[in-house]
Amino acid sequence: MKAIVDDKIPYIRGQIEQLVDQVTYMPGSAISPTDVRNADILIVRTRTRCDAHLLEGSAVKLIVTATIGFDHIDTDYCTSHGIEWTNCPGCNARSVCCYVINSLRLLGKLQQGLTIGIVGVGHVGTLVASAASQHGMRLLLCDPPRRDAGSFVDGMPFVSLSDIASEADIITFHTPLTTQGLYSTYHMADAPFFRSLQKRPVIINASRGAVVDNGALLSAVRSGMVADAVVDTWEGEPSHIDPDLLSVCAVATPHVAGYSADGKANATRMSLSAVARFLGRDFMPSIVLPDAGLLSVETLYDDTRKMKLNPQQFEYMREHYPTRREPTTI
């Protein structure tokens, strides 16, 4: 068995070699059709577009993305060509929750009595709801697929996006990016959405860039419809970040909200376990995390300063993000 592995996936070297015969490590954005032609397994991140262009005529049988998101995988193509694929849901949920809560601390918005609207109540959204509730905030939860399935979170009903636009002091997005169907999330926060806002909220996007129309967000901040913007995921990243939106963001980071050492280790464990299941092997990954500083308000200050000074180094900052651990309490 041969595996191609994104060379920026941490803690995987020395582990995947115990499962396959041959491993090639490469930058994710450089993986080509020639590279994968004779590969059985791909272990990637979001910078590798897994579609017909990459996979046609290859021997690939399994794609594992060491990320929560999987919009870089053409799942229809994989299904129709007998290629199994899997992601790592929830792997860095606690890290993203830390990012949201620390952003609110930085802005002075982690206050009892304020209303937070959480759009997308999966692994991340559920943790954000729990942390915000512990700080005395009022919750509004929006998740149309879960609502339509008759689901609840701690007995709370789901509300509509228009309810959140009317009532929330903070609106934070935690949805996947989908472009088709009843539950499309592409530009769900668009110009009409921003015009419907009633309370000049803080807008946080730590999901996928195109969930929020970046041009419409810029206009909303400039016009005063939005009090502050916190953006970790951007339309056009990594090379086409809107410099005007970057300049007005209170917190601006290079898609690193989930980049704690703990979250990365979780993703690697889940990826290795997926390969082991595919191969019918029993395997227990052994990962020891280093001592490091914690995700905090101070790290957000530092990340935002670097991002605003050097937006052209978006990908470099992401690939060389400092080792940071999650705090024991959020």
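The table below lists the values:
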item: Qualifying residue in region 48-70 (condition: within 30 Å of residue 96 (Cβ to Cβ), of a type in the set (Lys, Arg), modelled with pLDDT of 95 or more and not assigned by TED's automatic domain parsing to the domain that holds residue 207); result: yes
item: Output for region 209-239, where each listed residue is assigned to a loop (DSSP other than H, G, I, E, B), under 17 Å from residue 103 (Cβ atoms) and among the charged types (D, E, K, R); result: 232
item: Test set (1) over 17 Å from the mean Cα position of the chain (by Cα); (2) farther than 13 Å from residue 10 by Cα; (3) aliphatic (A, V, I, L, M); (4) in a helix (DSSP H, G or I) - residue 284 fails condition number; result: (4)
item: Residue 58, sole failed condition from (1) part of a helix (DSSP H, G or I); (2) farther than 26 Å from residue 261 by Cβ; (3) among the small types (Gly, Ala, Ser); result: (1)
item: Residue in region 257-272 that is surrounded by 14 or more Cβ atoms within 10 Å (Cβ to Cβ), touching a Lys or Arg at 6+ places or on another chain (Cβ under 8 Å) and in a loop (DSSP other than H, G, I, E, B) present; result: yes
item: Options 329, 304; residue that is of a type outside the set (Gly, Ala, Ser), in a helix (DSSP H, G or I) and not assigned by TED's automatic domain parsing to the domain that holds residue 191; result: 304
item: Breaking point among (1) of a type outside the set (S, T, N, Q); (2) in contact (Cβ under 8 Å) with a residue 24 or more places away in the chain; (3) farther than 13 Å from residue 174 by Cα, for residue 150; result: (2)
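The values are calculated or read from the model by the stated rules, or taken from the named source; none is laboratory data. Model, not experiment: these values are computed from the prediction. So basically every Cβ, Gly included, is an ideal-geometry build from the backbone, and we count neighbours across all protein chains shown.
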